[in-house]
Every structure is written in C-alpha cells, then in structure tokens.
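The structure under discussion appears below in the form of structure tokens.
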C-alpha cells in the first residue's frame, strides 16, 4: 500500500514538472536577464512552506555565483526592509499569490526602486499582477490527497529556482574553481583550491641531508623532524634522492650493516617530485598511483623546499 502511494505521489510531481517545462518561455529569459544585470543581491522571500523553499533557492543562488539573501516577510514589515536596496531584486514565492505580508511589502519595494519577480501558482493573483515579472509555478493538484499540504507546488517552486540558478551560472561563466571558492570547507573546495604549498612541511619539519651523511645521521634528522623520509641533496643543494623508512627496512632485511655508511649508497635516486603550486589533490593522485607516502617539493632549481607526506593530506581532509 505504501509503495503504491509513494509511486502515485512521484507520478503527480513528475507530471507537474513536465508541465512546468512547457511553460519555460521568453518570460523566463527576461527574468534571468533582469537578475543578471543587477549590482546587488537577489532578495528571496516567502512564508510558510514557500519560505523554506525560498531559503533553499537563496542558498543555491549564493553558492553558484549570484549573491542572495533570504528575507522573512513578517520580519521585513518590522524593520528588515532596511536590508533591501535599489541595486537588489526581489524574488517572492507564493503559491496563492495572495500572501498578505508580501503584498504589504510591495509599496515599499517600489519606493526603494527594487524590481519584483514573483513565482506564483496563480497568475491572476495580486502578486503576479503587481510584479515586474511573474513566473508561472501553478500545478493541477497537490500530491497530498486532501489537497491541503504543499507538496507538488513546493516541488515545482524548488525546481524552478534551480533552473534560475543554473541558467544564471551558465550566463556568468561560473566554473568549478568559482564553485570551490564558495565551498572552501567541503571536499570539492579543498580538492580545487588547496595547493601543495598550502599543506607541505617546511623548515625544520622538512628534513634535508647532504649525500655524504651517514644513515645514522639521516635517521636522527628524520626523527627530529617527525617525518618518514629525508631529501638528499648534492653540494649545490639540488635534490638527488630520497631516503625513507621503507628504504631502511628493505636494506636491513638483507642483513646489511648500513648504519655508519653514506646515505648516497642506499637512497632512492631521482625520486618523484612536485612543485608547490600544484594542487594537493594532484599530489594525492600521484602518491596513490605510485604507492608512495612522501613526495619532495622542489623549486625550479630542483632544491627541496618542502615535503608532502600522506599524513598531511589526511589532516587536510583530502583523503
């Protein structure tokens, strides 16, 4: 029984979205252009369930390159109208198109010089008639069997808001790096923003040793740095190899008494390196594909300026 009801609800909402697609015309294009031209914010407002959808639309606009704020219509009537400027544009959501609190705000919006776009379920309503632009968000019926709970109507509003946001995203040439800029705390943001230089180990945490140093001296240097490897350099400070915990274990397993011997004989020559301006995500892919735990970070003269350990990627939340 429950499955049948669920399928019926989804079918009703699917049909409503199909109907909405047929109503996307030149008027939608005018709305997109009107929002694109503003210098301020898209002030999205709505009451009740429409208010929740308005908040989501505002958040989606903001994260895709169109600055937006949510304005509660009741709070607007008690001082928050001061947030609205002539450089903004108002996007009002109302299924009935007769939400009195939004209607009461209209004269003030007009006085400020702010244009008003209405997303309404009734194109003959007061809000639709008195707005600068009206988007038809009407539905034949709600999925609620009582026809009372906003269901299909909020789905249509949400989808129409997504359509606006994505159309504006494309028009502005908004790309992955821009999206990442507004999402620095998320995994995508970190992958597209964090560079090797942002998280690499430097100074005393970046163990660098000369090629003539003994294994014992190198191990002490690695221990002090709390690292898993040391970059080995020549007399001019250029990287010629890397000595890791793995190198030590492999040689000890062969029974070699290497502790007092030069690191040059046991290091891994010509190791994989990376530049500090590369993305940390790129470094992770190199480490994953080559099954290594450390990468020396070098400058244009092949001098080791840092060390990137897989633990640094873990701490940065990239793994």
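When you scan the range 272-280, do you find a residue that is in the same structural domain as residue 213 (by TED's automatic domain parsing) and over 17 Å from residue 195 (Cβ atoms), even just one?
Within the range 272-280, the first condition is being in the same structural domain as residue 213 (by TED's automatic domain parsing), and the residues that meet it are 272-280.
Still in the list and also over 17 Å from residue 195 (Cβ atoms): 272.
Yes, some residue in the range 272-280 is in the same structural domain as residue 213 (by TED's automatic domain parsing) and over 17 Å from residue 195 (Cβ atoms).
Could you list, in sequence order, the residues of the range 24-33 that are surrounded by 15 or more Cβ atoms within 10 Å (Cβ to Cβ) and either closer than 19 Å to residue 97 by Cβ or in contact with a strand residue (DSSP E or B) (Cβ under 7 Å, 6 or more places away or on another chain) (or both)? Before you say what the answer is, go through the steps one by one.
Applying the first criterion (surrounded by 15 or more Cβ atoms within 10 Å (Cβ to Cβ)) to the range 24-33 yields 28, 31-32.
Those that are surrounded by 15 or more Cβ atoms within 10 Å (Cβ to Cβ) and either closer than 19 Å to residue 97 by Cβ or in contact with a strand residue (DSSP E or B) (Cβ under 7 Å, 6 or more places away or on another chain) (or both): 28, 31.
Residues of the range 253-281 that are surrounded by fewer than 13 Cβ atoms within 10 Å (Cβ to Cβ) and free of Cβ contacts under 8 Å to residues at least 40 places away in the same chain: 253, 254, 255, 257, 265, 269, 270.
Of 241, 237, which residue is surrounded by fewer than 18 Cβ atoms within 10 Å (Cβ to Cβ), more than 36 Å from the chain's Cα centre (by Cα) and assigned by TED's automatic domain parsing to the domain that holds residue 202? Of 241, 237, the one residue that is surrounded by fewer than 18 Cβ atoms within 10 Å (Cβ to Cβ), more than 36 Å from the chain's Cα centre (by Cα) and assigned by TED's automatic domain parsing to the domain that holds residue 202 is 237.
Among the residues of the range 1-18, the ones that are in contact with a helix residue (DSSP H, G or I) (Cβ under 7 Å, 6 or more places away or on another chain) and either part of a loop (DSSP other than H, G, I, E, B) or within 15 Å of residue 147 (Cα to Cα) (or both) come to 3 in all. Note on the range 53-82: residues that are on the phi > 0 side of the Ramachandran plot and either at pLDDT 95 or above or under 22 Å from the mean Cα position of the chain (by Cα) (or both) amount to 1. Scanning the range 244-256 turns up at least one residue that is within 13 Å of residue 307 (Cβ to Cβ) and not in a helix (DSSP H, G or I). Here is the figure for the range 206-234: residues that are under 20 Å from residue 302 (Cα atoms), crowded, with 19+ Cβ neighbours inside 10 Å and under 38 Å from the mean Cα position of the chain (by Cα) total 5. Condition first: closer than 23 Å to residue 170 by Cβ and in contact with a strand residue (DSSP E or B) (Cβ under 9 Å, 6 or more places away or on another chain). Can you find one or more residues in the range 44-52 that meet it? Yes, that holds for at least one residue. Looking only at the range 43-52, decide whether some residue is more than 19 Å from residue 162 (Cβ to Cβ), more than 24 Å from the chain's Cα centre (by Cα) and in contact (Cβ under 8 Å) with a residue 40 or more places away in the chain. The answer is yes; a qualifying residue exists.
The values are calculated or read from the model by the stated rules, or taken from the named source; none is laboratory data. As the structure is a computational prediction, the values presented were derived from the model and not from experiment. We place every Cβ from the backbone using ideal geometry, glycine too, and count neighbours over all the protein chains shown.
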